[in-house]
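A short write-up of the structure that comes next.
The values are calculated or read from the model by the stated rules, or taken from the named source; none is laboratory data. On a predicted model such as this, the values are computed, not experimentally measured, just so you know. Cβ atoms come from the backbone with ideal geometry, glycine included; neighbour counts cover every protein chain shown. Note: areas computed on protein heavy atoms with side chains; ligands, DNA, RNA excluded. Shrake-Rupley method; radii C 1.70, N 1.55, O 1.52, S 1.80 Å.
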Amino acid sequence: MQWSKFKDKDLVLSLAHGIKQKAKKFDRLRIMHVCGTHENAIARYALRDLLPNNIKLLAGPGCPVCVTSSKDIDAIINYGIKNDCTILTFGDMLRVKGSAYSLLSASKLGLYVKMVYGLDEAIYYAKQAKKDAIFFSVGFETTAAPVASIIKSVNLPENLSFFSVHKYTPNGVLELLKAGKLNIDALILPGHASIVSGLAPYEKVASSFNLPCVAAGFEPVDVLGAILMIINQLEDNICKVENEYERLLNYEGNKLAQKALNDIFDITDSIWRGLGIIKNSGFEFKKTYNYLNAKLKFNIPFSDSYTEEQKGCRCAEVILGTIEPPQCPMYAKICNPHNPVGPCMVSDEGTCRNWWEVKGDI
Ligand code: SF4
């Protein structure tokens, strides 16, 4: 199918009609995606408006900056200010608050922080810097894999090290399900992240929790097509992993990316903002690469225990799909993209931000 077809209005409406017809036999279906890019596409194309009332399309923990712990943000800010080093990170990360300051607002306190589009640019700036530079390395396997790959293939400047807060989606989802924190009937799997991991890591999710799991792309036809595939599985009483995104994603994933990840990182327990410590859900440097690990190299106190997030912030419930953004009392009143209180209002991938862009202050 041509790429333009994935936005084709007639095809979109026909899929929406098919979903409406088939959904009649279900009382209620809660379908969760775990990717900020999916939430962005769903909001931008108003796909929720095309679904019948008994289908709830929920945004799960799929926005990388939203799940970055405030303790990690505090740690990098405090260290950066006290030791006069350069902090390099992605634009989305700059405005997410720790317990008091974001990286951007901490620049008023003397933090030197620079936005980069990727590790290659961070290397460039580190080479210019006459002091230590730390790359605050955020994101799921989609971002961790290129970081690992670059580390393997270039000579890094000696003054550059890394503070990894990378997360691994399949294990994060699995552990949240085990803990009974996700009340859902099916999952739309993240197209981008699955291109790296492949779909095998989700087999356990489908089989252990009787959840249809369908990996999807990011156009309207992809998302609605995935919902229809999920409903077909439920109709036939099947729960398996399927791939709607065959034009870019294969079951095995990207073996080179997986090797780069395995060579550089270990899978470790990790703190997800508002959700606590999740077993085997993060990427941390292998011992061989301790010299690149800023937490160890500079003895930075990082988040090895969990504390609750700011009072009144309901981002954790938004991330778990238990409330929708307008149910947070701060939504649009105090919290908006110009003054984000919680992380979900910051990034293009944040659920509250996407709802606000479409619905405004409701
Ligand atoms: Fe968090 Fe703001 Fe969303 Fe409330 S409205 S859940 S504080 S981002």
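In the stretch 347-362, the qualifying residues are those that are more than 9 Å from the ligand (Cβ to nearest atom), within 27 Å of residue 186 (Cβ to Cβ) and in a loop (DSSP other than H, G, I, E, B), and the one that is most open to solvent (accessible area, probe 1.4 Å) is 348. Summed over the stretch 3-50, the residues that are charged (D, E, K, R) and either touching a residue at least 60 places away in the same chain (Cβ under 8 Å) or in contact with a strand residue (DSSP E or B) (Cβ under 8 Å, 6 or more places away or on another chain) (or both) give a count of 10.
Restricting 56, 71 to residues that are outside any strand (DSSP E or B), among the charged types (D, E, K, R) and either open to solvent by 10 Å² or more (accessible area, probe 1.4 Å) or touching a residue at least 24 places away in the same chain (Cβ under 8 Å) (or both) narrows the list to 71. Per this entry, residue 99 is not counted among residues that are open to solvent by less than 50 Å² (accessible area, probe 1.4 Å) and of a type outside the set (Val, Ile, Thr). The set of residues from the stretch 311-322 being more than 8 Å from the ligand (Cβ to nearest atom) and either under 21 Å from the mean Cα position of the chain (by Cα) or open to solvent by less than 50 Å² (accessible area, probe 1.4 Å) (or both) comprises 316, 319, 320, 321, 322. Looking only at the stretch 106-137, how many residues end up being modelled with pLDDT of 95 or more and either closer than 12 Å to residue 73 by Cα or assigned to a loop (DSSP other than H, G, I, E, B) (or both)? Of the residues in that region, 10 qualify.
The residues of the stretch 325-346 that are more than 8 Å from the ligand (Cβ to nearest atom), part of a loop (DSSP other than H, G, I, E, B) and closer than 16 Å to residue 43 by Cα amount to a single one, 337. Report yes if some residue within the stretch 134-148 is more than 16 Å from the chain's Cα centre (by Cα), more than 28 Å from residue 189 (Cα to Cα) and open to solvent by 50 Å² or more (accessible area, probe 1.4 Å); otherwise report no. Looking through the stretch 134-148, none of the residues is more than 16 Å from the chain's Cα centre (by Cα), more than 28 Å from residue 189 (Cα to Cα) and open to solvent by 50 Å² or more (accessible area, probe 1.4 Å).
Cβ separations smaller than 8 Å between residues 6+ apart or across chains give the following pairs from the stretch 82-100 residues that are among the hydroxyl-bearing types (Ser, Thr, Tyr) to residues that are part of a loop (DSSP other than H, G, I, E, B): 86/129; 86/131; 86/132; 89/103; 89/116; 89/138; 99/310.
Quick check on the stretch 294-306. Is at least one of its residues at pLDDT 95 or above, open to solvent by less than 30 Å² (accessible area, probe 1.4 Å) and more than 16 Å from the ligand (Cβ to nearest atom)? Yes, that holds for at least one residue. Among the residues making up the stretch 1-29, those that are assigned to a helix (DSSP H, G or I) and open to solvent by less than 40 Å² (accessible area, probe 1.4 Å) are 6, 12, 15, 16, 18, 19, 23. Condition check for residue 278 on (1) more than 26 Å from residue 31 (Cα to Cα); (2) touching a residue at least 12 places away in the same chain (Cβ under 8 Å); (3) not in a helix (DSSP H, G or I): one failure, at (1). A count restricted to the stretch 223-237 and to residues that are farther than 18 Å from residue 30 by Cβ and surrounded by fewer than 22 Cβ atoms within 10 Å (Cβ to Cβ) stands at 1. Quick check on the stretch 92-111. Is at least one of its residues touching a strand residue (DSSP E or B) at 6+ places or on another chain (Cβ under 9 Å), among the aromatic types (Phe, Trp, Tyr) and more than 30 Å from residue 185 (Cα to Cα)? No: zero hits.
Take the conditions (1) in a strand (DSSP E or B); (2) without any contact (Cβ under 8 Å) to a residue 60 or more places away in the chain; (3) buried (at least 21 other Cβ atoms within 10 Å of the Cβ); residue 161 misses just one of them, which is (2). Within the stretch 30-53, the residues that satisfy the criterion of being in contact with a Leu (Cβ under 8 Å, 6 or more places away or on another chain) and assigned to a helix (DSSP H, G or I) are 41, 42, 47, 48, 50.
(1) at pLDDT 95 or above; (2) farther than 29 Å from residue 222 by Cβ: which one isn't true of residue 283, the others all being true? Here residue 283 meets the rest and fails (2).
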